[in-house]
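Some notes on the structure that comes next.
Laboratory data are not the source of any read-out in this text; all were calculated from the coordinates shown. Here the structure is a predicted model, which means the values were calculated and not measured. As a convention, Cβ positions derive from the backbone with ideal geometry for all residues, glycine included, and neighbour counts pool all protein chains shown.
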Amino acid sequence: MQLDMAADELKSVLNRLRRAQGQIAGVIRMIEEGRDCEEVVTQLAAASRALDRAGFSIIATGLEQCLADEGRTPADKDRMRARLEKLFLSLA
């Protein structure tokens, strides 16, 4: 399944992933510095949310494209829906 994201959707996903990347780098620094456990977990949770939101956005775009593609057979659409459902559940 190839995903064709609009420029604004792509920018949003990339921003979320870059934010998560920065948060993970921050968590590594915090652990190396021996920072408070609660602060570390808070930053780790924020990175996790950013990754989840990026994943959900990608899946939502795929689902939207799947439903809009009139050229697919019902069997193809069912297979695509099952794949997207599996991906969605992997994030849940």
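Positive end of the dipole of segment 19-92, charges at C-beta (+1 Lys, Arg; -1 Asp, Glu), about the Cα centre: which of VAL41, ALA75, ALA25 has its Cα farthest in that direction? Going by the charge dipole, the pick is ALA75.
FRET efficiency for the VAL41 to LYS11 pair, using the beta carbon distance and R₀ = 35 Å, is estimated at 0.75. Seen from ARG19, the other residues with C-beta closer than 13 Å to its C-beta sum to a net charge of +4, counting Lys and Arg as +1 and Asp and Glu as -1. Under the simplified labelling scheme, the ARG72-ILE28 pair shows an inter-label distance of 3.7 nm, with each label point 7 Å from Cα along Cα→Cβ.
Ignoring everything except DSSP H segments at least 4 long, calculate the 222 nm mean residue ellipticity for the chain; use -39,500 (n - 2.57) per segment, divide by total residues, nearest 500.
Computed mean residue ellipticity for the chain: -29500 deg cm²/dmol.
Sorted ascending by nearby beta carbons within 10 Å, beginning with the fewest, ILE28, ILE59 become ILE28, ILE59. May I ask you to list, by number, the DSSP H helices of the chain whose Cα span along the axis is at least 24 Å and whose average Kyte-Doolittle hydropathy reaches -0.5 or more? Passing helices, by number: 7-33, 37-68. Shown here is the pair-distance distribution of segment 7-91: with all Cα-Cα distances grouped in 10 Å bins from zero up to the longest one, the shares run 17, 33, 26, 15, 7, 2 percent.
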